[in-house]
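What follows is a set of notes on a single structure, which appears directly below.
The values are calculated or read from the model by the stated rules, or taken from the named source; none is laboratory data. No experiment lies behind these values; they were computed from the predicted model shown. Neighbour counts are summed over all protein chains in view; Cβ atoms, including those assigned to glycine, are modelled from backbone coordinates with ideal geometry.
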Amino acid sequence: MNINFENLEKINDILLKLNELESKISGQKRWFNINEISEYTGYSVEHIRNLKDSDFIENKHYYKTKGKLLFDKNMIDKWITSNPKKVDAKEIVSNILKDLI
């Protein structure tokens with residue numbers, strides 16, 4: 001099978017269009033801008049930007065299109081459920097007491 005490079009460059013566009021069609025069929029919004037993903041996750045916009053730079057992977061968790069960031073809800077959901085944060089109750093109480101004193 002012969003695949004020329006021009007067609008390989010179109011794969012991302014094809015995947016985005018397929019995902020868009022899939023979300024329209026399922027009736028749920030899949031792609032969020034930074035404000036929507038912030039509201040959806042409960043994280044601040046600034047925290048989302050920090051995660052974009054540190055944890056999120058471009059073309060997996062988010063895409064850059066025409067100067068805009070679009071976040072993939074499905075991949076963000078997977079990231080959230082696969083990255084449980086260990087909660088240290090003593091540290092939380094200590095931080096609260098520091099703020100009070």
*Which pairs do you get when a residue that is farther than 17 Å from S82 by Cβ, found in the range 31-60, comes within reach of a residue that is of a type in the set (G, A, S) and buried (at least 16 other Cβ atoms within 10 Å of the Cβ), reach meaning Cβ atoms under 7 angstrom, with the pair 6+ apart or on two chains?*
S44/S38; V45/S38; I48/S38
_Conditions (1) at pLDDT 90 or above; (2) not polar (S, T, N, Q); (3) not in a loop (DSSP other than H, G, I, E, B); number of the one not met by K60_ = (3)
*Quick one: which residue in N7, N19, N2, N35 is closer than 28 Å to D53 by Cβ and either at pLDDT below 85 or not in a helix (DSSP H, G or I) (or both)?*
N19
*asked:* Please go through the range 63-76 and give me each residue that is modelled with pLDDT under 90 and either outside any loop (DSSP other than H, G, I, E, B) or under 13 Å from I37 (Cα atoms) (or both), ordered by number.
replied: T65
_With the structure loaded, tell me whether D13 is over 20 Å from W79 (Cα atoms) and of a type outside the set (A, V, I, L, M) or whether it fails that test._
yes
_Candidate set from the range 22-32 (those that are part of a helix (DSSP H, G or I) and surrounded by 10 or more Cβ atoms within 10 Å (Cβ to Cβ)); member that is modelled with the highest pLDDT_ = E22
